[in-house]
Structures are given as C-alpha cells and as structure tokens.
Amino acid sequence: MSFEFFIGRRYLRAKQKQAFIALITYLSIAGVAVGVMALIVVIAVMAGFEADLKTRILGGQANVILMRYSGPFEEYPEVMRRVEAVPGVAASTPFIYSQVMLRTAANTTGAVLRGIDPATIGGVLKTLANVMVPEAGAGIPGIVLGRELAKNLGVVQGEMVHLISPRGMLAPTGHVPAMKAFRVSGYFESGMYEFDQTFAYIHLHDAQRLLRMGDAVTGIEVRVHDIYEARAVADRIVSQLGSAYYARDWMQMNRNLFKALKLERRVMFIILTLIVLVAAFNIASSLIMMVMGKTKDIAILKAMGATDRSIRKIFVFNGMVIGTLGTGLGVLLGVVLCSLLRRYNIHELTGDIYYFTTQLPVKMEVLDVVCIVAAALVICFFATLYPARQAAKLNPVEAIRYG
C-alpha cells in the first residue's frame, strides 16, 4: 500500500477536531446514498412500466399490419400464402376494421369493430386465441366485447347489443346507417385499458356482410418470430408483394408513446442526478475543511519530500471513499426497495390514467445500475479535484509559520 493511501485512511479514521467536519462527511454519504437509491428505484419503475406496456401492446396488436393503398382487397388468401412464405413470418390472419356505434337499453357508445377469422387469429394475437366468435349461420351472430367496453354498455354475456355502422344504404329519405343485432358471446381482456374499452370483435364473414364489403378485407395482421426484426420483415413483405401494398410494424404504430417514455427516463435521470450533485458539494465542503484542519500535516509531508501529486492523491482518495460508501449504500437500499415494490402491491394503477391496471411494475436492468453507479462516482471524483488541488498548492513554509 502506498503512503498516500495509508495517510488518507488515517485521516478518515482519525477523530476530527471539529465535529462539524464529521457531520458533513456523514451527510455527504447519506446524500449520495439517497440520490443513488432514488435513481435506481425510479429508473427501475420506468423500465418496468415500458416493458409491461410493450408486452401488453404486443398481446393485443399484431407485430406487422399489411394493407393496400387502394383500400380493401379480395385476393387475401393468396396474399396470406405469399406473406407466410417470407422469412421471419410466423403466422398471418385477415381482418376488417371499422368504427361503429354500439347501443343497448342502458347506454350508447362508440367502438372500434374488428372482423376476425377465428381459425387463424390465435396464431397472431395470443389474447384472442381462446375467444369464440360464432358466425351468424341461422341464428343471431355473436360479438365479443372488451371487458371495459361491456361495463360501459352495461351488458353481460348472452344479452343483445345493436351495432350501428355508418356504411349503410341509400334510401328515398337519404343515407340510412346499417343496424344489426348481436348477442354478446364473451369478453376479452388484454390488460391494456385502451384496447379493453374500445375493441369489439365479430366474425369476418359477419363484418363483410354488415359493411357490404363482399369478399374483401381491410388488411392482414402478421406475427413475426423476432419482434425487434419486425421492420425488416415488413420491408421484405412489401418487396415480395409489390408497391401496391404497405406495411407498418408495431414500433411505428406506437412510436410516439415509446419515444415519450424514453425521453421521460432521460429527464428523470438528469433531474435525480442533481441529488447526487448536491451531495458532491457536501463532499467538497468536508474535504476543504479537512484541508484547513490538516494544514500543518500537509506542510510537514511536503517538507519531507511529498510531491503535489501525492498530496492530491490523499484527498482524492478520501473523497472517493466517501462517494463509494454512499454509492454502495444507495445501491443496496435501491435493490431492497425495488424487491419490496415487486413483491408487495403498494400502489394499484388505474387503467384510465396508466393505460393498464396492475401493480407497480419494476424491472431492474444491470446496465441501468452500472450507468447510475458510474455517474455517481464520476460526480464524486470531480467534487474532490478542487480541495485536492488547493491542498497541493499549500506552501509548506507559510503553512508551518501561520498554521
């Protein structure tokens, strides 16, 4: 062990003449610990929120949506066959999309109607794998409602819902909207409040008849093997089918949301780093006062041949020990608090505010913790430079004479 570290350790362990210096040191450690703990917990919650939101979006939304510029198209069986031959595609299903009104005896509300093929939808959207949407046949067709949408309408399974579509027909009195009765055959719950209060599903053939689309569909939904390769797969699909089609991946469809979440994480990181910065000022203050208290010691060391670099190393070492203790304590407290938040349902999220209803999501990532620790130690290091420089500049003759 070099003499700089030996002396630095003795300075930390020695009882200070002024208790105020020791108090500032303890406050510095506590400040760094609180800042690091807050950073770890907040970033972990925001990372958990983003990951949970991503999972729920992918559960109720296809990885890639393929549509035609000219609108609905009838040759979808052939298009599906060609799409599923593209490398990276796992499954595909046709769909029809339209905005409608749903009316019951208790309420009326707008909804997004989706016509689906029960035979293939489960391969693309896992949340709809077990949803049964009976076709009309000889009886009343069935409709599956999002659970929140059913609550808003005040209906339960087996009751009737009237579906009103703006795509009606021309009559002597003008344009008449199409209206058809459906029986609620079930509910679906994706966990995403926006989906559960908006979407209603009927059989593809019933949607074609109601919207007077013949054998056409709005587009094709696609599931890919690797969700992070969705954009590349979408480009390959368009390249295979030609310029008459266009494809959007799930990252494009939710781009604004995920950009906002990433921006929020960066801003919160910067704001909470200010807590560590304030603690770093305390470190600088305690080192400055330590330099003032050890003026004679520094002068004697320099008179014995210690260089300016050695004096700087002594006080940088002291400051970094304080910063490292605070950072280590903050990491420990942050990990413990994240574990408690993950284990116990401390706060229930409201779906109409936070997109989904669940307990507070927490996801600690090693890279985030490493970045937080590195940022805290760098700030603490810069806080030690000025006091260490001032200590190294002391004139030993003047310090002994007036110290």
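What the table below lists for this structure:
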{"read-out": "Residues located in segment 55-66, provided they are closer than 18 Å to R255 by Cβ, in contact with a Lys or Arg (Cβ under 8 Å, 6 or more places away or on another chain) and not polar (S, T, N, Q)", "value": "A62, V64, I65"}
{"read-out": "Residue count, segment 277-324 (criterion: assigned to a helix (DSSP H, G or I) and at pLDDT below 75)", "value": "15"}
{"read-out": "When residues of segment 124-169 are limited to those that are assigned to a strand (DSSP E or B) and of a type in the set (G, A, S), the one modelled with the lowest pLDDT", "value": "G168"}
{"read-out": "Residue count, segment 258-287 (criterion: under 19 Å from L325 (Cα atoms) and of a type in the set (A, V, I, L, M, F, W, C))", "value": "12"}
{"read-out": "Counted residues, segment 378-393 - those being surrounded by 18 or more Cβ atoms within 10 Å (Cβ to Cβ) and either of a type outside the set (G, A, S) or free of Cβ contacts under 8 Å to residues at least 40 places away in the same chain (or both)", "value": "4"}
{"read-out": "Condition met for L349 (closer than 21 Å to K54 by Cβ, among the aliphatic types (A, V, I, L, M) and at pLDDT below 80)", "value": "yes"}
{"read-out": "Within segment 48-64, tally of residues that are surrounded by fewer than 19 Cβ atoms within 10 Å (Cβ to Cβ) and within 15 Å of R265 (Cα to Cα)", "value": "2"}
{"read-out": "Total residues in segment 246-276, condition assigned to a helix (DSSP H, G or I) and either of a type outside the set (A, V, I, L, M) or under 22 Å from Y69 (Cβ atoms) (or both)", "value": "14"}
{"read-out": "Total residues in segment 237-290, condition closer than 28 Å to F49 by Cβ and of a type in the set (S, T, Y)", "value": "1"}
{"read-out": "Qualifying residue in segment 111-118 (condition: among the acidic types (D, E) and modelled with pLDDT of 85 or more)", "value": "yes"}
{"read-out": "Single residue of segment 207-243 satisfying the filter (part of a helix (DSSP H, G or I) and among the small types (G, A, S)) that is nearest to V133 (Cα to Cα)", "value": "A207"}
{"read-out": "Candidate set: segment 93-117, residues that are out of contact with any Lys or Arg (no Cβ under 9 Å at 6 or more places or on another chain) and among the polar types (S, T, N, Q); chosen: the one farthest from M179 (Cα to Cα)", "value": "N107"}
{"read-out": "Some residue of segment 47-65 being modelled with pLDDT of 85 or more and more than 25 Å from N256 (Cβ to Cβ)", "value": "no"}
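The values are calculated or read from the model by the stated rules, or taken from the named source; none is laboratory data. Please read these numbers as outputs of a predicted model, since none were measured by experiment. Virtual Cβ from ideal backbone geometry, glycine too; neighbours counted across all protein chains shown.
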